[in-house]
Amino acid sequence: MAPATVIEARELTKRYGRRRGIEGVSFSVQAGETFGFLGPNGAGKTTTIRLLLGLLWPTSGSVSAFGLPPGPEAMARVGYVPGDLGFYEQMTGAALLEHLAGLQRDPPRLRGDLCARFELSQADLAAPVRAYSRGMRQKLALVQAFQHDPDLLVLDEPTEGLDPLMRERLYELLRQTAAQGKTVFLSSHVLPEVERVCERVAMVREGRLIVEETVASLRARMLRRMEVVFSAPVDLEALRVTGVVNVQADGSRVTLLIRGSPVPALKALLRHPVEDLVFERARLEEIFLEHYRPEPGR
Amino acid sequence: MRASLVLQPLRTARWTLAALAAGLGALMLAATSTYEVFGGAQMLSQLLSRMPRAIRTIAGDENMLTTAGYFGTIFFHPLALTFKGGAAIALVTKLAQDVETHAADLLLSRPVSRVELALARYLAAFAGVGAVIACGALAFLAGRALTPAVQELEAAHVIAAFAYDLLLWAAITSVGFVAACLSSARGTTVSWAVGFAALSYLINFVGQLWKPMEPARRASVFYYFRPGMALAGSAPPAGYLAFLACVAVAGVLLGLLAFRRRDIAG
């Protein structure tokens, strides 16, 4: 049985008067998927999230969560970490979590575990939010989003302000969440984190969706660099096999640019005296930069 | 309707409300307990005749030579208006503040409808103003118990006058609520709410001083507020009560409609 569609956007458009928001954005996210939503600042990521949560009305098109239009019924199954943290500053962390949990239909059954995971002590929670550092606010944002064990997590820049240890704990939490069949919609411009946790990504540029693909297939389409050092001179033409699009030599060091499978190139190399070899994974960052590099004349 | 959505802004503003309620209470207690100092209607008549007309007009349509009329003017006292207006503004602008600070994002990304959130914020403002007015009423009744001359006013009529005052402030608060529902900034909402109350007061005031402006008084909510009548035990015109009730209900409905249709973007 095909997994259920959790988020579906169809030709979603939002304009703010003459100002562009997003234009004709369509994508879907399946149950159990960790979906990365990428783009530079101002590309339309937050607008898309706000449309999904019903905070904005679309100019045209539609978006749904669990087959429902944005509204209380759909939101009952959602946990949201906003990019702009709007907490009541004079409340204590504990009172804020309690207040927000009181608005949910499900009890905050994961709160204790989450506070322990993100090292929010009782003393921390007893302090007013105005005394919190940026990192502590972010931890509080994560706890309030996850505490009622929602089916869909919508995370807007969730690692903002977290130290590397806490980031690791969040990645671990996201992996566990996905393993339980929950869906994660992760908006970020921190590419290594998206690469680590997401199976599929969409990229927006100037309000339009330019890519929606699995991370693996994106990588497969990318040019990858293989640097080989030979102990004796080699015939460069013999290295131009399937997938190798360019060969450059600098003395005994040869650089191959490979698209797709590296196997034919590796087989060709076996016939030569290889002394050293460096072959890096295609990184999402390179894919991102390829898509967002300014077009000539702009 | 979740009670926590109503109670949260009240908890946040509790010290402000307490100060405003204490202020109004002190004013009412001072006004009632010092009534006999003026020496009754004859002395008041002499005092009033020496005052400039603009000062006397602050009393509005009340006949200050009667006990009910004298105490009717206390509802228009600048301090009384400040205490009640302060409570209304402190609470009714919370909705716009929630949008401005993005707190509304956290609330509306839960199973909370926009109508529920906005209505809760109006009810909190109404309850806050009601608490301040109730404190004023209690202080008035306490002063009445201490001052024999004020006991001419029946306790039930005093309560009715303060209930009438609450109706006036429900109407003023609802106009502030419309501004809060449309705005994404608390400052803007405060400006609109204060502007409405001040303009409304000014129209009523100038209309009493200057004959050609007299018909314009009907556009002011203060025109429909005659607390002296309530204190004297005669019912204010039903049309006046209906007008204030209509403004209050129309403001709330308009605000809810506006908040439901708008974009939440701080």
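Counting every Cα pair in segment B:125-212, what percent are over 14 Å apart?
Numbers: 2775 of 3828 pairs.
I get 72 percent for the Cα pairs in segment B:125-212 exceeding 14 Å.
Using only Cα atoms, find the angle between the long axis of helix B:238-261 and the longest principal axis of chain B, and express it within 0 to 90 degrees, rounded to the nearest 10. Here the helix axis deviates by roughly 20 degrees.
Comparing B:R218, B:R226, B:R50 in a Gaussian network model of chain B (Cα springs below 10 Å), the most mobile by mean-square fluctuation is B:R50.
When the P(r) of segment A:35-193 is calculated, the portion above 24 Å amounts to 32% of the C-alpha pairs.
Heavy-atom accessible area buried between chains A and B is around 2400 Å² (1.4 Å probe, both sides summed).
Positive end of the dipole of segment B:99-172 (Cβ unit charges, origin at the Cα centre): among B:A120, B:A149, B:A170, the Cα lying farthest that way belongs to B:A120. For the peptides B:181-188, A:67-74, B:84-91, residues were scored by their other Cβ atoms within 10 Å and the scores averaged per peptide; the highest-first order is B:84-91, B:181-188, A:67-74. In whole percents, the pair-distance distribution calculated for segment A:178-266 from its alpha-carbon pairs, binned every 10 Å from zero, is 14, 33, 23, 20, 9, 1.
Across A:Y88, A:Y132, A:Y16, mean-square fluctuation computed from a Gaussian network of chain A (C-alpha pairs under 10 Å connected) peaks at A:Y16.
Just tell me how shielded B:8-14 is by partners: mean number of partner chain Cβ atoms within 10 Å of each residue's Cβ, no decimals. Show your work: numbers first, answer last.
Details: counts 6, 1, 0, 5, 4, 0, 0.
So the per-residue partner count for this stretch is 2.
Quick one: how many lysine pairs in the protein assembly as shown have C-alpha atoms under 26 angstrom apart, if they're 8 or more apart or on different chains? Before the final figure, lay out each step's value.
On the way: A:K14/A:K45; A:K45/A:K139; A:K45/A:K182; A:K139/A:K182; A:K139/B:K94; B:K84/B:K94.
Lysine pairs satisfying the spacing and distance rule in the protein assembly as shown number 6.
Partner shielding of B:108-120 amounts to 6, given as the average count of beta-carbon atoms from other chains within 10 Å of each residue beta-carbon.
3J(HN,Hα) couplings calculated from phi for segment A:182-196 with the Karplus curve 6.51 cos²θ - 1.76 cosθ + 1.60 (θ = phi - 60°) are, in sequence order, 7, 10, 10, 10, 10, 9, 7, 10, 8, 5, x, 6, 5, 4, 6 Hz; Gly and Pro show x.
Calculated accessible area for segment A:5-218 comes out at 38 Å² per residue, all protein chains present (probe 1.4 Å; ligands, DNA, RNA ignored).
The peptide list B:205-213, A:76-84, B:19-27, B:121-129, put in order of mean Cβ contacts within 10 Å with the highest first, becomes B:121-129, A:76-84, B:19-27, B:205-213. Name the residues of segment A:72-105 whose accessible area, probed at 1.4 Å, falls by at least 30 Å² once all protein chains are in place instead of their chain on its own? So the qualifying set is A:P72, A:M75, A:Y80, A:D84, A:G86, A:Y88, A:Q90, A:H99, A:L100, A:L103, A:Q104.
All alpha carbon pair distances within the protein assembly as shown were sorted into 20 Å bins beginning at 0; the resulting P(r) in whole percents reads 18, 37, 25, 14, 5, 2, 0.
Between A:Q122 and B:M1, what's the calculated FRET efficiency when r is the beta-carbon distance and R0 is 25 Å? Round to 0.05. Once the sixth-power term is evaluated, E becomes 0.20.
For chain A, the alpha carbon positions stretch 72, 46, 45 Å along the principal axes, listed from largest to smallest.
Think of chain A as having a plus end and a minus end, set by charges on the Cβ of Lys, Arg, Asp and Glu; of A:S64, A:A265, A:A220, A:S64 sits farthest toward the positive end of this dipole.
Once the 1.4 Å probe is applied to the protein heavy atoms, segment B:102-197 comes out at 32 Å² accessible per residue. Since only B:P52, B:G25, B:A216 are under comparison, the one whose Cα sits farthest along the positive direction of the charge dipole of chain B, derived from C-beta charges on Lys, Arg, Asp and Glu, is B:A216. Normalising the average separation of contacting C-alpha pairs (under 8 angstrom, six or more residues apart) by the number of residues puts the relative contact order of chain B at 27 percent.
When only the Cβ of Lys, Arg, Asp and Glu is charged (+1, +1, -1, -1), the dipole of segment A:5-218 relative to its Cα centre reaches about 540 debye.
Give me a single rounded figure for B:99-106: the average over its residues of other chain Cβ atoms within 10 Å of their Cβ. Intermediate results must be reported in sequence, preceding the final value.
Numbers: counts 2, 1, 6, 7, 8, 2, 11, 14.
Per residue, the number of nearby Cβ atoms from other chains is 6 on average.
Rounded, prolate or oblate, given the Cα gyration tensor of segment B:3-261, with a/c below 1.5 counting as rounded? Because a/c hits 1.5 or more and a/b exceeds b/c, segment B:3-261 counts as prolate. Atom-type composition of the exposed protein surface of the protein assembly as shown places 60 percent of the accessible area on carbon and sulfur (1.4 angstrom probe).
The values are calculated or read from the model by the stated rules, or taken from the named source; none is laboratory data. Note that the structure is a prediction, hence the values are computed from the model and not measured. Virtual Cβ from ideal backbone geometry, glycine too; neighbours counted across all protein chains shown. Remember, those area values only see protein heavy atoms, side chains included, never the ligands or the DNA or RNA. Shrake-Rupley method; radii C 1.70, N 1.55, O 1.52, S 1.80 Å.
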